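Enquirer: Structure incoming, see below.
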Amino acid sequence: MAVERTLSIIKPDATARNLTGAIAKMFEDAGLRIVASKRIHLTPAQAGKFYEVHAERPFYGELCEFMASAPVVVQVLEGENAVAKNREVMGATNPAEAAEGTVRKAFALSIGENSVHGSDSAENAAIEIAFFFSGLELVG
Ligand code: DAT
Ligand code: MG
């Protein structure tokens, strides 16, 4: 198995409820290491750029507005199969479909306000990590 890095975002609904530590602990307990972390407040334009791949989807406006509504915590998680492992800990996009023990089952409020983002492939992880962090900020 390969050691990978993936991008995680603790979304506004979760930072607003003071869940940053609880969510980070779930990733750490799953064997992922937080090798970079910062709390930022995205502008709507920055959120729009990050989620550009979803620009044609009907919920794009709502998604960008939500992501810019309050601070987020962006983190780089490192570990064996980090991309897939992070997605497993996150749970399904829709919390109604998320498995027991996942972040979204425990904390998500709705399909839109679903507490966490995680890269969906190693290729996208590299792009998303570079969107938020310079190489100097990644400390394994
Ligand atoms: P994921 O975040 O699980 O990778 P995605 O990439 O398909 O899911 O969508 C990105 C985000 O967009 C998702 O976390 C929440 C929002 N979203 C997805 N489907 C939605 C829907 N049907 N209605 C509202 N928001 C939605
Ligand atoms: Mg996605």
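Enquirer: Along the charge dipole of the chain, pointing to its positive end and built from +1/-1 on Cβ of Lys, Arg, Asp and Glu, which listed residue (PRO95, ALA2, VAL73) has its Cα farthest out?
Expert: Positive-end residue among those listed: VAL73.
Enquirer: Under DSSP H, which helices of the chain have Cα atoms covering 15 Å or more of the helix axis and a Kyte-Doolittle average no less than -1.0?
Expert: 122-132
Enquirer: Quick one: MET67, MET26, MET1, fewest Cβ neighbours within 10 Å first, how do they rank?
Expert: Ascending Cβ contact count within 10 Å gives the list MET1, MET26, MET67.
Enquirer: Can you tell me the relative contact order of the range 1-101? Whole percent, Cα pairs under 8 Å, sequence separation 6 or more.
Expert: Relative CO of the range 1-101 lands at 47 percent.
Enquirer: Here's something else I'd like to know. Compute the projected area of the convex hull of the Cα atoms of the chain, averaged over all viewing directions, and report it in nm² to one decimal place.
Expert: Average projection, Cα convex hull of the chain: 7.8 nm².
Enquirer: What does the highest-first list of 52-62, 105-115 look like by mean Cβ count within 10 Å?
Expert: Per-residue Cβ counts within 10 Å, averaged per peptide and sorted highest first, yield 105-115, 52-62.
Readers should treat all values here as calculations from the given coordinates under stated rules, not as data from a laboratory. In this text, all values refer to a predicted model and were calculated from it rather than measured experimentally. Backbone-built Cβ (ideal geometry, glycine too); neighbour counts: all protein chains shown.
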